[in-house]
């Protein structure tokens, strides 16, 4: 309170002084005008007016004193004009998961990066910024979903999801951004010529970094993006609660109130992003926007002689509050060779006079050896660079920032690197860390290290890959850099399709992960279908508790989906999208699907029997008044729905009439009058629910592919209804459907889902544990086809033999294979868009209660249910 009162008093005093100066300035202007009335000196009068205007502008009461410390004069068309006459352009670079690439892929990336460095501008600054992830947008999106959700049970799940986002996001989620900074001296041409040069630098970077796998982001409004980036960088604390648009309004309102409406045209651009407080009074840190900043650099003599490719990721991924600035200065090759030659000759002359027992002898010998190394490298078409590394460490107190700096030194010491604090040079370090490509000379001289192009390329920094899509579902936390893994598989600009395959050994958590994804898809109002050919009871608890529809398809079940039913389609969307197109016969399409059903039931049907079956099916529908004319499907009494459909018993009655089809009728009799007569009913379940589980786990033998067809046929017909509505189909233990014991027609049907579901705005997710069986049918035709049709793969713990097969399928490195073998439950690897990342899956207590299959968790849940009833869900403890 005392500090705030003191600050207010100082500000009041400052305002009084400025008003006094303004008053004096106006009096001086009046005096000059009176004096000039009788003089014929228009040029002098104009000059005096300009000077007075400049003085008046100079004495505007600023919104913040810190704006004067930011050496930025203006920002126009995405180009920064600095106070020292330079022009600066900043572009954002999206990183890749470099460390999870194979050795050959890493080598190719470095070679591509070398190609860029050879034609890059002579001076470069690469800046990485790490900060707590901003989960506000995700939470706002969930709140909007809650408002649109009619089911109270699902709303409870959404509220629980918000708690999880806050818990994970505020406690451990870190995000990183990478920027490439170019600079051109203002004396090199006109402003338009310099802007063209900077744009060419950006386009060249975009072209060459794309070969490395990186994307350079382009913007429709580069000036606004530039201001926003500087605002986030300089206001780490304030920007978390005050958006840039709010800050712009605050500054404008201040100038209007304190300096008049005409002053809005004179607001310095730095006012919009400068911190309100900037304290340089301390020798070992700077306080900016309430956040403590201290600066370290790697001294020239403390770099390692040999480093692996991408070694800078050690600094980039160090954690929250660690920013890294890498400066690259390309030197003139001819002059460098001359200097190296002179130094070699000088040292050779010195070493002749030195004894081999002299302490200087080894230093001279090493210097000569290094000189020849550089000279040979330059002769081999390499370039000569000076590099410098500046590290910014931030914290919310002096103790925190000091502790982080010490931990950073320990981390680097473990890698044979050392750092030096910018003690009593904090202001110079602050200015150097700005993305303006202006490293302080004294820091540069102490930190520069000479390297060749290959050495500079080993500092490839864009290695901290993040998968944080704007409108996705939370999967977990990236173990490499603590960023949130949020995946929006329906984003067609990022993913070619929304299909996912999950692979893992038994007990690795496949079913848990599959249900976790399904619940979070449902939370986003996405239509969810789950087909469970094994352990269907594991899906019942979650389905029941979020208001879903659990359908058991078995010989003893009361639930039934009529396989003969032709379902009404939503034709309005297709008509809007495609206009008037020739209609196909819905009956003919249905009969074609029924041929697959009967082929699964009777695999040894002859061609003659297939023809007779086709005739019987047509007659069966005709008895209900249904022909190949689509109008015949509509119930005249209820035009909004279709007529009552035939059931399998009606087909049986047609088949039994002819001697040639009695064999087919006798086999079908099992589903009509026999032990599996539950299939011979009209549909009696709710097929409009947003979360539907189809349990076929009780079907065995020849009935399993039949039940699977009934489930898949229903799902597939629903998927095709509306091409603009998102939907997901989940297939657990898919090896049972396409494995060695399955039917080729059934496997073909499943493969078709993965191949063409994208065309209906949908995605398919499959989980399997037995890769040998998964690849057994037709020499792996169907298993490999599904893998190739899934853009995103998730690998959980696998045994070594299975891991080797996955390694071959996904082209993983040996280290990644060993990582898979040693995964604990709850960990996995996501492979998508040529990037692999390891993550820890995160579920809330409520989600865990709804989908867990672990015996201990179930025992704990049972005790809580006995004690608290349904209110036990989400409670912790016994």
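The values are calculated or read from the model by the stated rules, or taken from the named source; none is laboratory data. What you see is a predicted model, and the numbers here were worked out from it, not measured in a lab. Because the Cβ atoms are built from the backbone with ideal geometry, glycine has one as well, and the counts that use them run over all protein chains shown.
In the set 751, 858, 839, 777, only one residue is assigned by TED's automatic domain parsing to the domain that holds residue 512 and touching a residue at least 40 places away in the same chain (Cβ under 8 Å); that residue is 839.
Of the set (1) surrounded by fewer than 20 Cβ atoms within 10 Å (Cβ to Cβ); (2) modelled with pLDDT of 90 or more; (3) in contact with a strand residue (DSSP E or B) (Cβ under 6 Å, 6 or more places away or on another chain), all apply to residue 217 but (2).
Report yes if residue 825 is touching a helix residue (DSSP H, G or I) at 6+ places or on another chain (Cβ under 9 Å), in a loop (DSSP other than H, G, I, E, B) and more than 13 Å from residue 502 (Cα to Cα), otherwise no. Spelling it out, residue 825 is indeed touching a helix residue (DSSP H, G or I) at 6+ places or on another chain (Cβ under 9 Å), in a loop (DSSP other than H, G, I, E, B) and more than 13 Å from residue 502 (Cα to Cα). All conditions in (1) in a helix (DSSP H, G or I); (2) farther than 30 Å from residue 620 by Cα; (3) more than 17 Å from the chain's Cα centre (by Cα) hold for residue 517, with the sole exception of (3).
Just give me the residues in the stretch 467-514 being free of Cβ contacts under 8 Å to residues at least 60 places away in the same chain, touching a strand residue (DSSP E or B) at 6+ places or on another chain (Cβ under 9 Å) and either assigned to a loop (DSSP other than H, G, I, E, B) or within 22 Å of residue 217 (Cβ to Cβ) (or both), in sequence order. Full working, then the answer.
Going through the stretch 467-514, the residues free of Cβ contacts under 8 Å to residues at least 60 places away in the same chain turn out to be 469, 472-473, 488, 491-493.
If we keep only those that are touching a strand residue (DSSP E or B) at 6+ places or on another chain (Cβ under 9 Å) as well, we get 469, 472-473, 488.
Correct list: 469, 472, 488.
To keep it simple, each residue is scored yes or no on (1) surrounded by 12 or more Cβ atoms within 10 Å (Cβ to Cβ); (2) at pLDDT 90 or above; (3) within 17 Å of residue 707 (Cβ to Cβ); (4) in contact with a helix residue (DSSP H, G or I) (Cβ under 6 Å, 6 or more places away or on another chain).
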position	(1), (2), (3), (4)
632	yes, yes, no, no
641	no, no, no, no
647	yes, yes, yes, no
650	yes, yes, no, yes
653	yes, yes, no, no
661	yes, yes, no, yes
664	yes, yes, no, yes
668	yes, yes, yes, yes
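Might you check whether a residue that is in the same structural domain as residue 774 (by TED's automatic domain parsing), modelled with pLDDT of 90 or more and either surrounded by fewer than 18 Cβ atoms within 10 Å (Cβ to Cβ) or not in a helix (DSSP H, G or I) (or both) occurs anywhere in the stretch 806-816? No: the stretch 806-816 contains no residue that is in the same structural domain as residue 774 (by TED's automatic domain parsing), modelled with pLDDT of 90 or more and either surrounded by fewer than 18 Cβ atoms within 10 Å (Cβ to Cβ) or not in a helix (DSSP H, G or I) (or both). State whether one or more residues within the stretch 456-466 are in a strand (DSSP E or B), in contact (Cβ under 8 Å) with a residue 40 or more places away in the chain, over 11 Å from residue 838 (Cα atoms) and not assigned by TED's automatic domain parsing to the domain that holds residue 205. No: zero hits. Among the residues of this structure, residue 223 does not count as one that is surrounded by fewer than 13 Cβ atoms within 10 Å (Cβ to Cβ), farther than 30 Å from residue 476 by Cβ and either at pLDDT 90 or above or not assigned by TED's automatic domain parsing to the domain that holds residue 123 (or both). When 133, 103 are screened for being in contact (Cβ under 8 Å) with a residue 60 or more places away in the chain, surrounded by fewer than 15 Cβ atoms within 10 Å (Cβ to Cβ), on the phi < 0 side of the Ramachandran plot and within 25 Å of the chain's Cα centre (by Cα), only 103 passes.
For residue 757, indicate whether it is in contact (Cβ under 8 Å) with a residue 60 or more places away in the chain, outside the structural domain of residue 596 (by TED's automatic domain parsing) and closer than 30 Å to residue 492 by Cα.
On the way: in contact (Cβ under 8 Å) with a residue 60 or more places away in the chain: yes; outside the structural domain of residue 596 (by TED's automatic domain parsing): yes; closer than 30 Å to residue 492 by Cα: yes.
Against the criterion (in contact (Cβ under 8 Å) with a residue 60 or more places away in the chain, outside the structural domain of residue 596 (by TED's automatic domain parsing) and closer than 30 Å to residue 492 by Cα), residue 757 qualifies.
Residues of the stretch 229-261 that are part of a helix (DSSP H, G or I), touching a strand residue (DSSP E or B) at 6+ places or on another chain (Cβ under 8 Å) and under 21 Å from residue 140 (Cα atoms): 232, 240. Taking residues in the stretch 142-153 that are surrounded by 12 or more Cβ atoms within 10 Å (Cβ to Cβ), and partners anywhere that are outside any helix (DSSP H, G or I), the pairs with Cβ atoms closer than 8 Å and at least 6 places apart or on different chains are 145/524; 145/525; 149/525; 151/546; 151/547; 153/546; 153/547. Filtering the stretch 319-349 to residues that are in contact (Cβ under 8 Å) with a residue 40 or more places away in the chain and surrounded by fewer than 22 Cβ atoms within 10 Å (Cβ to Cβ) leaves 319, 320, 326, 328, 329, 330, 331, 333, 336, 337.
If you check 280, 297, which single one turns out to be at pLDDT 90 or above, touching a strand residue (DSSP E or B) at 6+ places or on another chain (Cβ under 8 Å) and closer than 30 Å to residue 378 by Cα? Quick ask: steps written out before the conclusion?
Numbers: 280 fails: closer than 30 Å to residue 378 by Cα.
Just one listed residue meets the conditions, 297.
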